[in-house]
Amino acid sequence: MRRLRALLPAFVCAALVVACDDGGGAGTATPAASVSTTVTTVTGSGVPGATATVRATATPLALERRPSAARWQRFDAAAAPPQGGPPTKFYDVERDELWTVLGPNGEGYRFMLSPYSDIAIGTTGPPGDGETVLLDLQSGTVTALLPRWVNFRGWPAATRPLIQVEGTRPVVYELDLVPATAMPLDTRGDRVIDRRQFAAPLPPGGGLPGATHVDLVVREDGARLELVLVAPGAERAVASEQGFVGIAPGDRVATVMARDGGVQLVDFYGGRVYDLGRYVFSRAHSWSPDGRYLAIPYWEGRTHMTVAFDLQALPGAPPRELGRYRDALLVDWRRDGREALLLGEYCLPGGFALDRLDLGTGAVTRVPSASRGSWEQAWSPAGDVIAVSAPDDFVSLIDVATGARLPTPAFDASVTRMQSIVGWSASGRWLALEDVRGSDRCIV
């Protein structure tokens, strides 16, 4: 995962509106169908700036779903650098092979991996032009989706990744890969950058009884984020802040962090807001894959700390603090949510320590032989291997049980130093990487 996003996935990252955007260019939507609905705001929410809104007509995008001219091919380190910047490279751990996607003119593609299956969405520039494709990692099939470059916003549902199309006013679309359409989240005049459907409508006593989903909305002033519950015929803003706002996996709760470090937890089903405390210089939050655990990094004097909470008792009971971990930065989770990976002695001379935190018992165990100056880490889905990138060194695959470095001869022979870890494919067969951009390795 990229170093500035290790603690906060793209689909929950929203600090002052555009924290996870990568820039953009203009583009014109391809008309398909239109939808329109009228919704009024529930008054008395107690949120400053909550106003009545009317949904406007929204225009979906029609996805192309045709074979792309881009090719799935072996990565050649000796070839001319691809156009448009370094491409995403995929290391096949099972076969010790390195692959990439290149366009017909040698252009490289950047990819966002699905956490649900071995597929990925890729895009290439220039902004306002380019192409966005769907890659099937198992077959190597590349399918064209849109004749334009996009930004990635996240992948909250199995077949529905979120992309952002740039223009005079950026719009976030939810791709539906099965019927091949892209529906804009913004249908009411506000800029909606995330949407989560509830497994069941909110019950009596919830934040808005009958609500079917929650939207993360950027208000028109561009400096305030709101969580808006939406029910048939009504909506309610339940949180408003100028800092970070993040919706947890499982879509039961969200966190709101103010600029002064104060953190609140919004329980949609229980209809309550819990104050989790104030954490100086806290940068972001991190959720376990199942949404049960929440980790908040912060500073205590000159010491880097992480506090963790267990949310299992919600709704009906407050979150439980698991503990506070000194000289520890939570950098990744096991896919099953049972353990977390801590980076100790962060950015200090002499290397870094990797520790495993058992979330059930609170026990911390050192990963043997892994303190080698790592600045990016990614835990494989099976939990048996950790990918580590180190300053001025190659990416290493570390056996969690023994600390041994696994042999990767094809990778070592083909890839330059200083690789950024994008992440693992859902099966754990593929590890995605990109060339490092920039020189600062110790910012989170």
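The values are calculated or read from the model by the stated rules, or taken from the named source; none is laboratory data. As the structure is a computational prediction, the values presented were derived from the model and not from experiment. Using ideal geometry, Cβ is built from the backbone for each residue, glycine included, and neighbour counts are taken over all protein chains shown.
Could we say that ALA211 is in contact with a Leu (Cβ under 9 Å, 6 or more places away or on another chain), assigned to a loop (DSSP other than H, G, I, E, B) and without any contact (Cβ under 8 Å) to a residue 60 or more places away in the chain here? Steps first, answer last, please.
Details: in contact with a Leu (Cβ under 9 Å, 6 or more places away or on another chain): yes; assigned to a loop (DSSP other than H, G, I, E, B): yes; without any contact (Cβ under 8 Å) to a residue 60 or more places away in the chain: yes.
Yes: the conditions hold for ALA211.
Does PRO201 meet the test of being touching a Ser or Thr at 6+ places or on another chain (Cβ under 7 Å), at pLDDT 90 or above, of a type outside the set (A, V, I, L, M, F, W, C) and surrounded by fewer than 17 Cβ atoms within 10 Å (Cβ to Cβ)? If you could, list the steps in order and put the result at the bottom.
Working: touching a Ser or Thr at 6+ places or on another chain (Cβ under 7 Å): yes; at pLDDT 90 or above: yes; of a type outside the set (A, V, I, L, M, F, W, C): yes; surrounded by fewer than 17 Cβ atoms within 10 Å (Cβ to Cβ): yes.
Yes, satisfied.
Could you count how many residues in region 101-126 are in a loop (DSSP other than H, G, I, E, B) and surrounded by 17 or more Cβ atoms within 10 Å (Cβ to Cβ)? It would help to see each step written out before you state the result.
Step one: list which residues in region 101-126 are in a loop (DSSP other than H, G, I, E, B), which gives 103-106, 109, 114-118, 125-126.
Narrowing the set further to residues that are surrounded by 17 or more Cβ atoms within 10 Å (Cβ to Cβ) leaves 103, 109, 114-115, 118, 125.
Residues that pass the stated criteria total 6.
For the structure I just gave you, tell me whether LEU322 is surrounded by fewer than 21 Cβ atoms within 10 Å (Cβ to Cβ) and part of a strand (DSSP E or B).
Working: surrounded by fewer than 21 Cβ atoms within 10 Å (Cβ to Cβ): yes; part of a strand (DSSP E or B): yes.
Taking the combined requirement at face value, the residue satisfies it.
Yes/no matrix, rows are residues, columns are (1) in contact (Cβ under 8 Å) with a residue 40 or more places away in the chain; (2) under 17 Å from ALA199 (Cα atoms):
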| position | (1), (2) |
| --- | --- |
| GLY250 | yes, yes |
| ASP267 | yes, yes |
| ALA284 | yes, no |
| TRP287 | yes, no |
| ARG292 | yes, yes |
| GLY301 | no, no |
| THR306 | no, no |
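For region 186-193, does any single residue satisfy the condition of being free of Cβ contacts under 8 Å to residues at least 24 places away in the same chain and not charged (D, E, K, R)?
The initial filter retains those residues of region 186-193 that are free of Cβ contacts under 8 Å to residues at least 24 places away in the same chain, namely none.
No, that holds for no residue.
Just to be sure I understand the filter: pairs with C-beta atoms under 9 Å, separated by 6 or more residues or on different chains, first member in region 143-158 and on the phi > 0 side of the Ramachandran plot, second member in a strand (DSSP E or B). Which pairs pass?
Within 9 Å, the pairs are GLY154/MET112; GLY154/PRO161; GLY154/LEU162; GLY154/ASP194.
So is VAL331 part of a strand (DSSP E or B), at pLDDT 90 or above and of a type outside the set (Asp, Glu) or not? Don't jump to the end; show me each part of the working.
Details: part of a strand (DSSP E or B): yes; at pLDDT 90 or above: no; of a type outside the set (Asp, Glu): yes.
It is false that VAL331 is part of a strand (DSSP E or B), at pLDDT 90 or above and of a type outside the set (Asp, Glu).
If we keep just the residues of region 251-298 that are among the aromatic types (Phe, Trp, Tyr) and in contact with a strand residue (DSSP E or B) (Cβ under 7 Å, 6 or more places away or on another chain), which is surrounded by the most Cβ atoms within 10 Å (Cβ to Cβ)?
Taking region 251-298 as the starting set, the residues that turn out to be among the aromatic types (Phe, Trp, Tyr) are 268-269, 274, 279, 281, 287, 293, 298.
Adding the requirement that they be in contact with a strand residue (DSSP E or B) (Cβ under 7 Å, 6 or more places away or on another chain) leaves 268, 274, 279, 281, 287, 293, 298.
Working: PHE268: 26, TYR274: 17, TYR279: 21, PHE281: 10, TRP287: 24, TYR293: 24, TYR298: 19.
The selected residue is PHE268.
Can you tell me which residue within region 63-100, out of those that are modelled with pLDDT under 85 and among the small types (Gly, Ala, Ser), is surrounded by the fewest Cβ atoms within 10 Å (Cβ to Cβ)?
Within region 63-100, the first condition is being modelled with pLDDT under 85, and the residues that meet it are 76-86.
Next cut, among the small types (Gly, Ala, Ser) only: 77-80, 84-85.
Working: ALA77: 10, ALA78: 5, ALA79: 10, ALA80: 7, GLY84: 19, GLY85: 15.
Looking at residues that are modelled with pLDDT under 85 and among the small types (Gly, Ala, Ser), I get ALA78.
Scan region 70-96 and report the pairs whose first residue is within 15 Å of GLY130 (Cα to Cα) and whose second residue is part of a loop (DSSP other than H, G, I, E, B), with Cβ atoms within less than 6 Å and a gap of 6+ or a chain change.
ALA70/GLY103; PRO82/GLY106; GLN83/GLY106; GLY84/GLY125; PRO87/TYR109
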